[in-house]
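Bear in mind these aren't lab numbers, they're just calculated from the coordinates by the rules spelled out. Please read all numbers here as calculations on a predicted model, not as lab measurements. Every residue, glycine among them, receives a Cβ derived from its backbone with ideal geometry; neighbour counts consider all protein chains shown.
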Amino acid sequence: MSSTATEINKIANELETLGSTKEASNKISALIEPGTKIICVNPVQGIYKGRCYIAHEYIEPNVIVINDETSGESIGAFNANRFCIDWNAF
């Protein structure tokens, strides 16, 4: 297995045994790297479900600044667990 696949498998196994949702969401969101195309799965004011964005940078653990996919303009800072990686972009 590649190191990335091994890391994802390790996180998946840890998720089965974690009792804390916060710890689990922090581990999942850590997979989002700056520059990655992401999709909103849990909308709040200013972001929309199903819309694609670009991850920009983390300003603190689990809080990421996102940019609009088309214009590149900054949208704001949100909890990273509101997004998932767009695996179709790879």
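Can you give the local net charge around Ile85? Use residues other than it whose beta-carbon is closer than 11 angstrom to its beta-carbon, Lys and Arg +1, Asp and Glu -1.
Cβ neighbours under 11 Å give a net charge of -1.
Between Asp68 and Ile47, how many nm apart are label points set 7 Å from Cα along the C-beta direction?
For the pair Asp68/Ile47, the computed spacing is 1.7 nm.
Amide H to amide H, which residues 5 or more places from Glu57 or on other chains are under 5 Å from it, using H placed in the peptide plane?
Residues meeting the criterion, in which the H sits 1.01 Å from N, are Val65.
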